[in-house]
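Remarks on the structure that follows.
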Amino acid sequence: MTRVAVDALGGDNAPGEVVFGALAAAADGIDVVLYGPRGLETQGLSLVETEGAIEMAEKPAEAVRAKPGSSLVAAVRSVADGEADAVISAGNTGAMLAAGLLHLRRLPGVMRPAIAVPIPTQNGPSVLIDAGANADNRPEHLLQFAHMATVFCHELLDVGDPEVRLLSIGEEDEKGNQLTLEANRLLREDERLNFGGNAESRDLLRGAADVIVTDGFTGNIALKLLEGTIRELLDALRDEITATARGKLGGFLIQPAARRLRKRLDPDTYGGAYLLGLRGLAVVAHGNSSRTAIANAIRLAARGAEHRVVERLSERLPQRVSV
């Protein structure tokens, strides 16, 4: 049985929503272990007692070193010690990265780990990388992100030859800032990649490519803009449908289609994102995750462990990451 360590104090809605989400994932047969303070009501789930929490506003590296017994650090360390197959947290993303670098360490040749998040498109999931692990990047980092996501997409999503595109302000190669221009050149010159050029953010939900590469600052803004827009549109549609008797009748008729659409587009459906490039499997969830998002993040972590994400990246990356 796959064991997933869960930071019970991570996120805006912790520990309540985290515990309920963990319960839902455990009902699927996942061995969920909560990491949190003594006395935490776990509803019967296993608890590893920890001391303190890392808050969202704390400086990640300093907090990780100052609070080795915190729920987040202890959960990450459990993977390094072989006590769990994967770890998830909806807490401080920077702290997850810092704890991962300290305890899990990077895969050979990896310059910087990156967050790879599946985003819903008309053609199935597209992988956005980096979605927030690195605020500042160099062109060679983006090239390496492309290779990591290509291996991930090929091995885990069964895409034969993943197409890669670079997020920019125009499809033309000469569009973009200095980072994008230089990254475009590196990506185009690398014959190991199926590079299709630049992509604009308006095409992300259309399925612009199997892999969308960008720096962590831009990627995080793009991801949150997409998620916020999707939620607002779905909520606005619901409000309009329930506003009148005629709308309610129409809503009843389209209810099955509306549910399918919400399931496909709702960010909670994926729940979290893989932190690629580490020697252990780590999943970061949204800070405002609901119990549904937490449950799906745990399921995502379990699938990653079952499909040997880290091992496959370790096997396939050496010939790709030396850039």
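Kindly indicate whether any position in region 75-93 is closer than 16 Å to R299 by Cβ, in contact (Cβ under 8 Å) with a residue 40 or more places away in the chain, in a loop (DSSP other than H, G, I, E, B) and open to solvent by less than 30 Å² (accessible area, probe 1.4 Å). Even if it seems obvious, please write down each step before you answer.
Kept after step one, since they are closer than 16 Å to R299 by Cβ, are these residues of region 75-93: 84-90.
Narrowing the set further to residues that are in contact (Cβ under 8 Å) with a residue 40 or more places away in the chain leaves 84-90.
With the extra rule that they be in a loop (DSSP other than H, G, I, E, B), the set shrinks to 84-85, 90.
Adding the requirement that they be open to solvent by less than 30 Å² (accessible area, probe 1.4 Å) leaves 84, 90.
The answer is yes, given that some residue of region 75-93 is closer than 16 Å to R299 by Cβ, in contact (Cβ under 8 Å) with a residue 40 or more places away in the chain, in a loop (DSSP other than H, G, I, E, B) and open to solvent by less than 30 Å² (accessible area, probe 1.4 Å).
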- A99 passes all but one of the listed conditions (1) closer than 30 Å to D210 by Cα; (2) open to solvent by less than 50 Å² (accessible area, probe 1.4 Å); (3) part of a loop (DSSP other than H, G, I, E, B); (4) not basic (K, R); the exception is number (3)
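For region 57-78, indicate whether the set of residues that are touching a Lys or Arg at 6+ places or on another chain (Cβ under 7 Å) and at pLDDT below 95 is non-empty. Don't jump to the end; show me each part of the working.
Start the filter on region 57-78 by keeping residues that are touching a Lys or Arg at 6+ places or on another chain (Cβ under 7 Å), which leaves 73.
Filter once more, so that each one left must be at pLDDT below 95: none.
Scanning region 57-78, I find no residue that is touching a Lys or Arg at 6+ places or on another chain (Cβ under 7 Å) and at pLDDT below 95, so the answer is no.
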- Message: Please determine whether any residue of region 7-27 is in contact with a strand residue (DSSP E or B) (Cβ under 8 Å, 6 or more places away or on another chain), surrounded by 23 or more Cβ atoms within 10 Å (Cβ to Cβ) and under 18 Å from D81 (Cα atoms).
- Response: yes
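The values are calculated or read from the model by the stated rules, or taken from the named source; none is laboratory data. All values reported here derive from a predicted model rather than from experimental measurement. Every residue, glycine as well, gets a Cβ built from its backbone with ideal geometry; the counts of neighbours run over all protein chains shown. Remember, those area values only see protein heavy atoms, side chains included, never the ligands or the DNA or RNA. Shrake-Rupley method; radii C 1.70, N 1.55, O 1.52, S 1.80 Å.
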